[in-house]
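S.K.: Sharing a structure, written as structure tokens. Questions coming.
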Amino acid sequence: MEYQPVPDIRDIIPHRPPFLLVDALTELQPGKRARGTKCVAPDEWFLQGHFPGLPIMPGVLIIEAMAQVGAAALLAEDEYRGLRAYFAGINRARFRRKVVPGDLLVIETELVRKWGRMGIGAAVAMVGDKVVAEAEIMFAVEQPPNKDGKE
């Protein structure tokens with residue numbers, strides 16, 4: 001099998017700083033799964049007030065990072081390239097440990113079910129060998145524009 005480099009996540013999903021919460025993709029199987037990383041730096045915008053004296057990455061942003069990795073897996077597929085995926089729901093979210101400055105967050109999302117333009121991803125976030133969060137993420141892909149450019 002020929003080596004295929006992992007593309008830059010910015011070439012796949014539309015998110016940009018400060019709301020791009022994934023630094024890099026490390027693995028990508030279009031339409032199936034992806035793995036990405038986020039190095040939580042001490043100067044992250046979301047740590048300024050969460051919490052003074054005890055900075056912790058908010059759980060909702062860990063979930064968003066999981067969704068961004070899942071969106072990369074989905075939107076790397078030819079039929080969805082150039083489109084946007086939106087949150088449709090979050091189920092079974094659990095937070096197991098704090099994520100603090102200096103942590104390398106490793107996020108894996110596997111697309112476990114797709115029907116039409118809807119689907120579900122199973123996501124887990126880890127620091128080292130410890131699970132920090134997990135969730136089932138539901139998504140909806142936007143309709144592609146018609147040939148005349150209208151949705």
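The values are calculated or read from the model by the stated rules, or taken from the named source; none is laboratory data. Keep in mind that this is a model prediction, so the values were computed, not measured. Cβ coordinates were reconstructed from backbone atoms using ideal geometry, including for glycine residues, and neighbour counts include every protein chain displayed. Calculation scope for accessible area: heavy atoms of the full protein, side chains included, ligands and nucleic acids excluded. Shrake-Rupley method; radii C 1.70, N 1.55, O 1.52, S 1.80 Å.
S.K.: Being in contact with a Phe, Trp or Tyr (Cβ under 6 Å, 6 or more places away or on another chain) and under 24 Å from E142 (Cα atoms): is that true of A122 here?
M.R.: no
S.K.: Which one of these is of a type in the set (V, I, T), part of a helix (DSSP H, G or I), in contact (Cβ under 8 Å) with a residue 12 or more places away in the chain and within 22 Å of V124 (Cβ to Cβ): I13, I56, I62, I90?
M.R.: After ruling out the rest, the residue left standing is I62.
S.K.: Tell me whether region 105-121 contains one or more residues that are among the aromatic types (F, W, Y), at pLDDT 95 or above and out of contact with any helix residue (DSSP H, G or I) (no Cβ under 6 Å at 6 or more places or on another chain).
M.R.: The answer is no, given that none of the residues of region 105-121 is among the aromatic types (F, W, Y), at pLDDT 95 or above and out of contact with any helix residue (DSSP H, G or I) (no Cβ under 6 Å at 6 or more places or on another chain).
S.K.: Follow-up question, since we're still on this one. Given the criterion open to solvent by 50 Å² or more (accessible area, probe 1.4 Å), in a loop (DSSP other than H, G, I, E, B) and β-branched (V, I, T), identify the matching residue among V22, V6.
M.R.: So the residue among V22, V6 that is open to solvent by 50 Å² or more (accessible area, probe 1.4 Å), in a loop (DSSP other than H, G, I, E, B) and β-branched (V, I, T) is V6.
S.K.: So, one more: Does V40 satisfy being more than 11 Å from the chain's Cα centre (by Cα) and either open to solvent by less than 20 Å² (accessible area, probe 1.4 Å) or without any contact (Cβ under 8 Å) to a residue 40 or more places away in the chain (or both)?
M.R.: For V40, the condition - more than 11 Å from the chain's Cα centre (by Cα) and either open to solvent by less than 20 Å² (accessible area, probe 1.4 Å) or without any contact (Cβ under 8 Å) to a residue 40 or more places away in the chain (or both) - is met.
S.K.: When region 98-127 is examined, which residues are found to be assigned to a loop (DSSP other than H, G, I, E, B) and more than 17 Å from A65 (Cα to Cα)?
M.R.: G116, R117 - these are the residues of region 98-127 that are assigned to a loop (DSSP other than H, G, I, E, B) and more than 17 Å from A65 (Cα to Cα).
S.K.: For region 45-62, indicate whether the set of residues that are open to solvent by 20 Å² or more (accessible area, probe 1.4 Å), touching a Leu at 6+ places or on another chain (Cβ under 6 Å) and not polar (S, T, N, Q) is non-empty.
M.R.: Yes - at least one qualifying residue is present in region 45-62.
S.K.: Being surrounded by fewer than 18 Cβ atoms within 10 Å (Cβ to Cβ), more than 16 Å from M138 (Cβ to Cβ) and of a type in the set (A, V, I, L, M, F, W, C): is that true of F87 here?
M.R.: The answer is no for F87.
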